[in-house]
Each structure stands twice: as structure tokens, then as C-alpha cells.
Amino acid sequence: MKKEFTFFAFASRNLKRKPLRTLILIIAISLLVAAMVFSLSFVSRVTSGIKLASERLGADILVVPAGSRGAAEDVLLENKAKSFYMNKDIMERVRAVDGIDKMSYQTYLTTVQGKCCDVPETVVVAFNQDTDFVIKPWLTEKFNRKLQKGEALVGSESAFNIRVGLVEVDSVLFGNVFKMVGVLDKTGTGLDNALFIDDVNLEDIIRKGSTDLRPGQVSIIFIKVKKGMDPYKVAGEIEDAVVEVDTMARKDIGKSILATLRDINRIFIFMMALIALLSGFLTWAVFSAIANERAREVGIMRAVGAKESHIVTIFLTEVLIVGCIGSIIGIIGGTVLSLVLTKSFTIMKNLPLPLGIMPRVLIAAIGFLIGNGVCVAGALAPIQKIKKMEPLMAIKSE
Amino acid sequence: MAQLEIAELTKIYTVGNQSITAVNSVSLNIEKGEFVSIVGHSGSGKTTLLSIIGGIMKPTSGRVVFKGQDISALNDDSLSEYRNEKIGFMFQFASLLPMLTVRENVLLPGLFRQKRSGGDEKKAEEFLNLVDIGEKVDAYPSQLSGGQQRRVAIARALMYGPQVILADEPTGDLDEETEADIMGLFRRLNREEQMTFIFITHNLDLAKMAQRQLRMTHGVLAGI
């Protein structure tokens, strides 16, 4: 069967003449795009995950014991089992600050399997059902009643670990038996890995003496500010009024992680720039060699009527074939890498909401454009040089 | 008006500090349908003159006017169209593209045309049969002898019916019998299609087949 004779066929046959060289170029572009897709996926996922998590907590301000911001973020974003406490009477002093609409609190306890509890290490969140506005939105429709003393709810991720689902299970927490009576909806925060009890249980837990929690202590106070109030201003006033606490406005949650992420991002950008430079240089070197090798052929094509634009079309088609194949391989590789390596990064493992389709499509499009852009940029100078050669000079240049 | 008017054409090459005058104030008129041969020693400027007429090299000074149009004044696109549509160039060396088949090499000028005809493939095969290489349409140049490659180049030059054929030793690699066949074909196209032929040869017998015979010596053209 006769093959169609087009610029595309022409260009692809040219590339097949030196398969190893073409393959090296494709690999270089694939590596560039894979590194870029991975980096962008990582940074986007962590950034959007933290943003989403902070929004889903439903509070404008978090009040924590002084020096416990990092620990609070660890619990809320990464479900690290940490405990930190302040006296509950601080709430009254906080409440006195102008601009506060709602307040609730939570107390965090950490389980130790085999010692106090029969569940794997996790955070147990004791909350007040009367004032709560953080947990309530995630109660499933099936659980439409108040938690009783001795009952616990399970975060969506923990449910699998302790096999709670449709069947009610009894577990020992801090020497007390709790009936796991329901599962929370997925929140997209570290709380998905926690267990939830009403704070009326704390008295019994403290009495058993298997935690360092003392009576009248809480871990975090969640605040909703009145409409029109600036959370930053209210947070500042709380810190001024109550020196024993630190505050975090919603947008500041994950700030330390995001700051670290910015450093990682800089490293990624530097690496990508370096790989892009190397790929561009490789493309330039390969296409300079190709232009020299094919000068005579280009001269012949020009002699039989090829315009400068035809020569550019042929070479650019070659460049774009390499760029497209390299970019597609890179996009697949980078995406697979970002999915596989998710399990290796604690922060990503505990931000359970994966990157959505649209951000992935956007990252793939950026990768595709940059992969092809680097290819074209690298090949531009040799293409310009060869197209400008006088046909006879090109023919004689060998 | 002559089909080709060449006026005071000069080409000077600069090699290092040295200037070499390859074509020296050549003036020449060629009418449509003429059959012209150019003889001369190596380095006498024949190929340079042919290249300038064919628009694949720019002169240092002077003009080449094709049907009233000064080709030295054309921009690159128009000059490319001139080479593609008006001129059929046969080089003295193998000038096929190695990654294209014989058929594709013959169709190559068509790739650079805005309008491509559906019957081109059939026509290419007819021309290849005419130069006696019809059985090799799907072969690659590396599978052909030098003489066979030359015949493919001839078919390519004739394929799109140019008005002027510029041939630089077109039968150089061919045996006597094929040479006679090719020259017969040129004569026939010249007579029947009114195609203008300007060819360079070292073979005086071939040169004598032309209506007009020219000799080039040190860049200067003279009639024989």
C-alpha cells in the first residue's frame, strides 16, 4: 500500500532515519515534562488540600495554647497524634473580645494501643455537642441524634482501620468501653482519622488516669466572627487580651507547611529550569547537527521550489512530533509518579482529597505546552539558519 | 520579447581575501523553445551561470529576466514559485532525497505547490516509464545505481511541465544507449511542448545536437 506523501509523513520519516537520536530527544523532553507535572501536582495538591481543609473546619479563628500552633496544624492537617491543653476558663476571657459570634471547643487525647486503648494510635476528639459547629456538618444522615455517654463516632478514614461500618463495635478508649455508633462523612482534613466523643466522657477518662489531661482543660477553641468583622483583627485582639494563647486565622492554617512548600517549590522551579535548559540545549545540538547533515537535501528541496516556510514546516513538524510524544510520555509518567509517591509524603497521605480532574488537565496542558515550547525554542536557531541558506550554497555545503 | 533575457550578469566569489569572477558580464537572450548547449572547461562558470538562471543563486550584478520579470528582484516566495513552476533543474550530481521513494522524489516539487492534482501519481509513473525506470517506483535511492538515480532526477525535472529545463551534464552517468534515449526525449519535448532546454555538457557530439551552441571560457560566454 502506498504511503501518503505529506509534510507530516516527510517529517516522521526524517526522524526514523536516526532512531536513537530521536529516542534520546524524546526521553529528555519526557523527563522535563514528568518532573514538571510531578512538581506542579505535588505543590497544587498540598496547597489546595490545606486551603480546603482550613475552609472545612468551619471556623474563622482557632485559639490554641501559646506555642501550640504547629501541634494544632499537625493534628488538623496531618492527624499526627499530639495533645496540648489550656484551661477552659480562658474561653470566658476570649468571649469578652468584641466581634465573636460563636465559640466551641475540642479536647484532643492520643491513644496508645495496648496501653490505654485497643485501637491503633490516633486522636480522640472530645467535643461539646451543644456549642459545636465544626463536627456537625459532617454527621451522616444516618446518624441524626445526639451522641450519648459511652458512644463514639469514627472519622471516615479510621472507619476502615477499626472495621466500623454498618455494625456497631465496642472499643476500649482510656480504660472505658465505647460503642462506635457511626461514621462521619469525609471532611478532607486530618480529622478523618480521628474518633469523636462527647466531652461528658472526659470526667470518666480523667478518673481512670490513663491520659495527662487534667479536669477543665481544652485543646482548641473554634471561633466564628460576626458578619463584617475582620478575623485577623479579632485574632489580634484575642492575643492581646489573653497572653496564654496563640491564634490562627483560617487563612493562616497550614502557613508553616506552606512556607516550607514555597522553599520546596523554589527547588522544583530551579530543577525544572535546569532540565528545561538542558533539554533546550540538547534540542539545539541535535537540530544543529540535523541542519548540517541535511543542508544538501534542503538545498535540493529549495531548488525544486520549496519556500522558506516549507522548510520551517518540515523541521517544525519534526520538532513537534518529538515534543508531543515526549510531552505525552512525560505527562503520563509525572502523573503516575505523583500518584505513587503520594504514599511516601506524610503531608499528602493525610490530605485525603486527591487533585481533581480539572487541575490535572490544567497541569497536563502546561506540561504539554512547556515540553513543546522547549523543543521549539531549542530548534529555532538551527531552523532559521538552514532556511536562510541560498539553495546552491546549501547543496555545496557538504 | 525573449523568454529569457540575461543582461550583464556577473558573479564574483570571495574566498578569503581573493575574489574569483565566475561569470563575467554575460549577456544572452534565449527564445521560447530554443535548444541550447553550453560547453567549457571545469571552472569556466557554466554551472554558476545555470544556477543564476535557475534562481538558486543570486548574481553579484546584472539581471535575469524571465518573460519580462526580473527574477533577481523577486522575494523568496516568488523566486521559489519561479523555480517550482517555470524551471526544471537537473544537477550534475545525485540529487534525490534518500528517505523518499523514487515515486516520491518525482512528486517532490508538487509537495511545495499550493494546488496538487489527483493524477500526479499516475503521471509520475508515466515519466518514470519514459526514462525506463518504471519498475523501481517504490525503491529508495540507495537501491539504485548512479545512472538510475540520474534518470529519476530527469523525470522529476520534467514532471510538472516546466517552461525551461536547465540541465547540468544530464547524461553524465549514463551509458551511450540511455544517453541517446534521454537526448531523444529532450528533443521530442522541446519540439512538441516548446520546452526550452539549456544544458551543459563536456561531450561535443551532444553539444552539436543543440540549435545553439555556446562556449564559456573564464566566465565569458561566446558562440561556437
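Data table
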| item | result |
| --- | --- |
| Single condition B:GLU81 does not satisfy, out of (1) modelled with pLDDT of 90 or more; (2) crowded, with 19+ Cβ neighbours inside 10 Å; (3) out of contact with any Pro (no Cβ under 9 Å at 6 or more places or on another chain) | (2) |
| Only one of A:THR260, A:THR189 that is polar (S, T, N, Q) and exposed (fewer than 15 other Cβ atoms within 10 Å of the Cβ) | A:THR260 |
| Residues (over 29 Å from A:MET271 (Cβ atoms) and more than 14 Å from chain B (Cβ to nearest Cβ)) located in the range A:1-55 | A:GLU55 |
| The range B:132-153 - residue that is within 13 Å of chain A (Cβ to nearest Cβ) and either on the phi > 0 side of the Ramachandran plot or part of a helix (DSSP H, G or I) (or both) and, of those, farthest from the chain's Cα centre (by Cα) | B:SER142 |
| Helices (runs of 4 or more DSSP H) wholly inside the range A:202-305 that include at least 2 residues being within 14 Å of another protein chain (Cβ to nearest Cβ) | A:255-293, A:295-303 |
| From the options B:MET90, B:MET99, residue that is facing chain A (nearest Cβ under 8 Å), of a type in the set (A, V, I, L, M) and surrounded by 15 or more Cβ atoms within 10 Å (Cβ to Cβ) | B:MET99 |
| Which numbered condition B:GLU104 misses (of (1) more than 23 Å from A:LYS307 (Cβ to Cβ); (2) crowded, with 21+ Cβ neighbours inside 10 Å) | (1) |
| Residues of the range B:48-73 satisfying the condition of being of a type in the set (S, T, N, Q), surrounded by fewer than 24 Cβ atoms within 10 Å (Cβ to Cβ) and within 14 Å of chain A (Cβ to nearest Cβ) | B:THR48, B:THR60, B:SER72 |
| The range A:275-297, residues that are aliphatic (A, V, I, L, M), over 16 Å from A:LYS18 (Cβ atoms) and out of contact with any Leu (no Cβ under 9 Å at 6 or more places or on another chain) | A:LEU277 |
| Any hit, the range A:368-387, residues being outside any helix (DSSP H, G or I) and farther than 30 Å from A:VAL304 by Cβ | no |
| Check on B:ASP205, outside any strand (DSSP E or B) and modelled with pLDDT under 90 | yes |
| Answer from A:VAL37, A:VAL63 - the residue that is buried (at least 23 other Cβ atoms within 10 Å of the Cβ) and part of a strand (DSSP E or B) | A:VAL63 |
| The range B:160-189, residues that are in a helix (DSSP H, G or I), of a type in the set (A, V, I, L, M, F, W, C) and touching a residue at least 60 places away in the same chain (Cβ under 8 Å) | B:PHE186 |
| Output for the range B:104-124, where each listed residue is among the basic types (Lys, Arg) and within 8 Å of another protein chain (Cβ to nearest Cβ) | B:ARG113 |
| Selected residue [under 24 Å from B:LEU100 (Cα atoms) and either within 14 Å of chain B (Cβ to nearest Cβ) or surrounded by 21 or more Cβ atoms within 10 Å (Cβ to Cβ) (or both)] from A:ILE325, A:ILE314, A:ILE321 | A:ILE314 |
| Test: B:THR10 is away from chain A (no Cβ under 11 Å) and touching a Pro at 6+ places or on another chain (Cβ under 8 Å) | yes |
| Yes/no for B:ARG150 being closer than 20 Å to A:ILE311 by Cα and buried (at least 21 other Cβ atoms within 10 Å of the Cβ) | no |
| Flag for A:ALA377 being hydrophobic (A, V, I, L, M, F, W, C), in contact (Cβ under 8 Å) with a residue 12 or more places away in the chain, surrounded by 14 or more Cβ atoms within 10 Å (Cβ to Cβ) and away from chain B (no Cβ under 14 Å) | yes |
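Matching residues to (1) exposed (fewer than 12 other Cβ atoms within 10 Å of the Cβ); (2) within 23 Å of A:GLU55 (Cα to Cα); (3) touching a residue at least 12 places away in the same chain (Cβ under 8 Å); (4) polar (S, T, N, Q):
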site: A:ALA194; (1), (2), (3), (4): no, yes, yes, no
site: A:LEU202; (1), (2), (3), (4): no, no, yes, no
site: A:ILE206; (1), (2), (3), (4): no, no, no, no
site: A:ASP212; (1), (2), (3), (4): yes, no, yes, no
site: A:SER219; (1), (2), (3), (4): no, yes, yes, yes
site: A:PHE222; (1), (2), (3), (4): no, yes, yes, no
site: A:VAL225; (1), (2), (3), (4): no, yes, yes, no
site: A:MET229; (1), (2), (3), (4): no, yes, yes, no
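So that you can scan it fast, the table gives a plain yes or no per residue for (1) touching a helix residue (DSSP H, G or I) at 6+ places or on another chain (Cβ under 7 Å); (2) crowded, with 16+ Cβ neighbours inside 10 Å; (3) outside any loop (DSSP other than H, G, I, E, B); (4) modelled with pLDDT of 80 or more:
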| site | (1), (2), (3), (4) |
| --- | --- |
| A:LYS80 | yes, yes, no, no |
| A:PHE84 | yes, yes, no, yes |
| A:VAL94 | yes, yes, yes, yes |
| A:VAL97 | yes, yes, no, yes |
| A:THR107 | yes, yes, yes, yes |
| A:ALA126 | yes, yes, yes, yes |
| A:GLN129 | no, no, no, yes |
| A:ASP132 | no, yes, no, yes |
| A:GLY182 | no, yes, yes, yes |
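The values are calculated or read from the model by the stated rules, or taken from the named source; none is laboratory data. Keep in mind that what you see is a predicted model, and the values were worked out from it rather than measured. Cβ coordinates were reconstructed from backbone atoms using ideal geometry, including for glycine residues, and neighbour counts include every protein chain displayed.
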